[in-house]
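This report concerns only the one structure given below.
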Amino acid sequence: MLLDNFKLENRIAIITGAGRGVGKGIALAFAEVGATVICLARTQSEIDATAAEIADSGGSAKAISCDVTSEDQLQSMVNTIVSEFGGIDIVVNNAGGGGHGPTESLTRDFIVQTMELNFIAALNLVRMTVPHLRERNGSVLNISSGMSSVAEDNCIPYAASKAALEQATRNLAHELAPDIRVNCLRLGAIETPDFENLREAHPGVEAGLTAWTPMKRIGKPRDVALSALFLCSDAGSFNTGIVLDIDGGILLQRGVLAIMSGPK
């Protein structure tokens, strides 16, 4: 049956940043279609809540507290999963954030820390799981941001780290094919705790973003999760190296007349 291609039964999926927002949405969706979900984040209470919600719905999940910027913690987690579950089928690199500030106030440590969280941690997890993913013809999904491809003030470290993640997606897809597929979702404005912080810090930002978004709404974690499911399931088996915009159209390249006329 056609819909069987979207099922993830008997697959082990590692999802970083699974305690809230987009990561939690992906974890819930993957569990709903049969995956055993490994929920990773630094805050144990948050991933425990995600795992409990999955269990209450009849799914399978394990919560592991892990700082993804620590290579030792990442390797220990990978070893634990392989030992307990026998392998790894899917890796979703969702953990990230930070990296904002006026350029003149940036420090080298701040820039490096931002790259470690948003780019280096993802690459480390991929290289640690490649042998296991290759055994199962697995897939990797990286979560990026529209900030990787637009100009904005006070966000060079974050924007650069996400741009690096997107280019790594393309290179990894080429290097690891045909055994492992590697794709990326580039997100627009999504209703998450971070977006709530943005809303509080910048009154009117939601109305402005909604106005410039052709679909006239802010995205939801479920919107991201459905696209993640397509790319990580057999339904997306002929897709690799893709950077897919999940943004309601806000990142469309507009002509000069469309820009001058303002939001539609």
**Message:** Ranking request for peptides 2-8, 64-70, 232-238: highest mean number of other beta-carbon atoms within 10 Å first, then the rest in descending order.
**Reply:** 64-70, 232-238, 2-8
**Prompt:** So for the range 123-231, Kirkwood radius off the Cα pairs, Stokes-Einstein at 4 °C and 1.567 mPa s: how many µm² s⁻¹?
**Reply:** 83 µm²/s
**Asked** In nm, what is the difference between 0.36 nm times the number of residues separating Ser83 and Glu135 and their Cα-Cα distance?
**Response** 17.3 nm
**Fill in**
Counting all Cα-Cα pairs in the range 9-96, those more than 23 Å apart amount in percent to 10 percent
**Asked** Please report, for the Cα atoms of the range 177-234, the Rg to one decimal and the Dmax as a whole number; what are they, in angstrom?
**Response** 14.8, 47
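If the limit is 26 Å between Cα atoms, which of Lys7/Lys162; Lys24/Lys162; Lys7/Lys220; Lys24/Lys216; Lys7/Lys62 go over it?
On the way: Lys7/Lys162 29 Å; Lys24/Lys162 20 Å; Lys7/Lys220 21 Å; Lys24/Lys216 24 Å; Lys7/Lys62 19 Å.
Going by Cα-Cα distance, Lys7/Lys162 fall outside the 26 Å limit.
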**Message:** So if each residue of separation counts as 0.36 nm, and I subtract the Cα-Cα distance between Glu116 and Ala151, what length gain in nm does that give?
**Reply:** 10.4 nm
**Request:** Using only the alpha-carbon atoms of the range 114-171, report the extent along each of the three principal axes, biggest first, to the nearest angstrom.
**Result:** 44, 17, 15
**Rg to Rh quotient for the range 196-264, alpha carbon positions, Kirkwood Rh** = 1.07
**Asked** Distances over 15 Å make up what percent of all Cα-Cα pairs in the range 165-209?
**Response** 57 percent
**Prompt:** Over the Cα atoms of the chain, what Rg and Dmax result, in angstrom?
**Reply:** 18.2, 58
**Asked** Can you pull the percent of the range 176-264's accessible area that's carbon plus sulfur, 1.4 Å probe, other chains left in place?
**Response** 62 percent
**Prompt:** Ignoring ligands, DNA and RNA, what accessible area per residue does the chain give at 1.4 Å, in Å²?
**Reply:** 49 Å²
**Complete:** When all Cα-Cα pair distances of the range 76-150 are considered, the percent exceeding 19 Å is 47 percent
**Asked** Roughly how big is the range 1-91's charge dipole about its Cα centre, with Cβ charges of +1 (Lys, Arg) and -1 (Asp, Glu), in debye to the nearest 20?
**Response** 120 debye
**Prompt:** Computed from the mean reciprocal separation of all distinct C-alpha pairs, what Kirkwood hydrodynamic radius does the range 1-149 have, in Å?
**Reply:** 15.9 Å
**Item:** Pairwise FRET efficiency - Gln253 versus Asp109, Cβ, R0 = 41 Å, nearest 0.05
**Value:** 0.70
**Asked** Stretch Asp194-Met1 to full length: gain in nm at 0.36 nm per residue minus the Cα-Cα span?
**Response** 65.6 nm
**Request:** Return the sequence-ordered ³J(HN,Hα) values of the range 7-17 in whole Hz as given by the Karplus equation 6.51 cos²θ - 1.76 cosθ + 1.60 applied to θ = phi - 60°, using x for Gly and Pro.
**Result:** 7, 10, 5, 6, 10, 9, 10, 8, 10, 8, x
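The values are calculated or read from the model by the stated rules, or taken from the named source; none is laboratory data. What you see is a predicted model, and the numbers here were worked out from it, not measured in a lab. Please note: Cβ atoms are built from the backbone with ideal geometry, for glycine as well, and neighbour counts cover all protein chains shown. Side chains included, ligands, DNA and RNA excluded: accessible areas come from the protein's heavy atoms. Shrake-Rupley method; radii C 1.70, N 1.55, O 1.52, S 1.80 Å.
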